[in-house]
1. Take the conditions part of a loop (DSSP other than H, G, I, E, B), of a type in the set (Lys, Arg) and out of contact with any Cys (no Cβ under 8 Å at 6 or more places or on another chain) and apply them to LYS26. Does it pass?
2. Checking the conditions here, which among GLN76, GLN57 is assigned to a helix (DSSP H, G or I), modelled with pLDDT under 95 and among the polar types (S, T, N, Q)?
3. Could you list, in sequence order, the residues of region 23-59 that are hydroxyl-bearing (Ser, Thr, Tyr) and open to solvent by 80 Å² or more (accessible area, probe 1.4 Å)?
4. Considering (1) hydrophobic (A, V, I, L, M, F, W, C); (2) touching a helix residue (DSSP H, G or I) at 6+ places or on another chain (Cβ under 7 Å); (3) part of a helix (DSSP H, G or I); (4) at pLDDT below 95, say which one PHE40 fails and leave the rest.
5. Just one of PHE121, PHE19, PHE96, PHE65 is at pLDDT below 90 and surrounded by 14 or more Cβ atoms within 10 Å (Cβ to Cβ); which is it?
6. On the basis of being in contact (Cβ under 8 Å) with a residue 24 or more places away in the chain, within 19 Å of MET17 (Cβ to Cβ), open to solvent by less than 70 Å² (accessible area, probe 1.4 Å) and β-branched (Val, Ile, Thr), does VAL79 make the cut?
Amino acid sequence: MTAFLTILLLVVSNVFMTFAWYGHLKMQDLKWIDHTTPLFIVILISWGIALLEYCCQVPANRIGFSGNGGPFTLMQLKVIQEALTLVIFTVFTVVFFKGEQLHWNHLAAGVCLIAAVYFVFMK
């Protein structure tokens, strides 16, 4: 159950992180902000979203870390987080930025990250 909760929190965290880092680009498309919006306003919006990311990321790492009784080593937590980041970013890109194209090399990068997950869990 701890592993499931850790991964669930990492998924939620990565959704917020993706919106914090790239959501402002979609906000421009939706005309909520534009290229004349001061950068510090865009940064404050992103920080507000990133706060929600941290509210999930920190507990996920704390709960999931083997040093705290969780099922994952620090390296495993990081590789899981990176693999989730790629998957969530890809879904975000396909859903919200329909003009962005996915190519074979993006798939190859995803396969490499999945391989990283495999290798980090190898005994």
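The values are calculated or read from the model by the stated rules, or taken from the named source; none is laboratory data. On a predicted model such as this, the values are computed, not experimentally measured, just so you know. Every residue, glycine among them, receives a Cβ derived from its backbone with ideal geometry; neighbour counts consider all protein chains shown. Surface accessibility is based on the protein's heavy atoms, side chains included, excluding ligands, DNA and RNA. Shrake-Rupley method; radii C 1.70, N 1.55, O 1.52, S 1.80 Å.
1. Numbers: part of a loop (DSSP other than H, G, I, E, B): no; of a type in the set (Lys, Arg): yes; out of contact with any Cys (no Cβ under 8 Å at 6 or more places or on another chain): yes.
Against the criterion (part of a loop (DSSP other than H, G, I, E, B), of a type in the set (Lys, Arg) and out of contact with any Cys (no Cβ under 8 Å at 6 or more places or on another chain)), LYS26 does not qualify.
2. Values: GLN57 fails: modelled with pLDDT under 95.
After applying the criteria, what remains is GLN76.
3. Once the filter is applied, which keeps residues that are hydroxyl-bearing (Ser, Thr, Tyr) and open to solvent by 80 Å² or more (accessible area, probe 1.4 Å), region 23-59 yields THR36, TYR54.
4. Unmet condition: (2).
5. Details: PHE121 fails: surrounded by 14 or more Cβ atoms within 10 Å (Cβ to Cβ); PHE19 fails: at pLDDT below 90; PHE65 fails: at pLDDT below 90.
Only one candidate qualifies: PHE96.
6. Values: in contact (Cβ under 8 Å) with a residue 24 or more places away in the chain: yes; within 19 Å of MET17 (Cβ to Cβ): yes; open to solvent by less than 70 Å² (accessible area, probe 1.4 Å): yes; β-branched (Val, Ile, Thr): yes.
Yes, satisfied.
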